[in-house]
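To start, the structure itself, in structure tokens.
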Amino acid sequence: MARRVIVYHGMYGCDTGCCGHIVEIKDGEDTIKSDFNFSHPYDRDPREYAKKLVKESFGEDHVADFDWENCQIENC
């Protein structure tokens, strides 16, 4: 199975009402999650936003080796 990066929208805590994004890297059965990030893409390009979060969370190495042209972007 190929390595996948997933950037998804989620809530921070049950009663806070705060939301933001989390990055996951899935490699077979292993999953690595980033810290919760309170930012949002707003009017920015979702792919560029995802690249920024992956780079901030896991470093430049992880941004360079993904097939960003064929990635699937799901807007929340």
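Here are a few things to note about the model shown:
- Residues (touching a residue at least 12 places away in the same chain (Cβ under 8 Å), assigned to a helix (DSSP H, G or I) and not polar (S, T, N, Q)) located in segment 27-60: Pro46, Arg47, Tyr49, Ala50, Lys51, Leu53, Val54, Glu56, Phe58
- For Thr31, the stated conditions hold: it is out of contact with any Phe, Trp or Tyr (no Cβ under 6 Å at 6 or more places or on another chain), at pLDDT 85 or above and among the β-branched types (Val, Ile, Thr).
Yes or no, residue by residue, for (1) among the small types (Gly, Ala, Ser); (2) in contact with a Pro (Cβ under 9 Å, 6 or more places away or on another chain); (3) surrounded by 10 or more Cβ atoms within 10 Å (Cβ to Cβ):
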{"position": "Glu29", "(1), (2), (3)": "no, no, no"}
{"position": "Lys33", "(1), (2), (3)": "no, no, yes"}
{"position": "Ser39", "(1), (2), (3)": "yes, no, yes"}
{"position": "Asp45", "(1), (2), (3)": "no, no, yes"}
{"position": "Ala50", "(1), (2), (3)": "yes, yes, yes"}
{"position": "Gly59", "(1), (2), (3)": "yes, no, yes"}
{"position": "Val63", "(1), (2), (3)": "no, no, yes"}
{"position": "Phe66", "(1), (2), (3)": "no, no, yes"}
{"position": "Asn70", "(1), (2), (3)": "no, no, no"}
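- Qualifying positions in segment 61-76 - assigned to a loop (DSSP other than H, G, I, E, B), in contact with a Lys or Arg (Cβ under 9 Å, 6 or more places away or on another chain) and free of Cβ contacts under 8 Å to residues at least 60 places away in the same chain: Asp65, Ile73
- Just one of (1) without any contact (Cβ under 8 Å) to a residue 60 or more places away in the chain; (2) of a type in the set (Ser, Thr, Tyr); (3) not in a loop (DSSP other than H, G, I, E, B) fails for Tyr8. It is (1).
- Checking each residue in segment 1-22 for being closer than 24 Å to Glu69 by Cβ, modelled with pLDDT of 85 or more and hydrophobic (A, V, I, L, M, F, W, C) picks out only Ile22.
The values are calculated or read from the model by the stated rules, or taken from the named source; none is laboratory data. Just so it is clear, the structure is predicted and the values come from calculations on it, not from any experiment. Cβ: placed from backbone, ideal geometry, glycine included. Neighbour counts: every protein chain shown.
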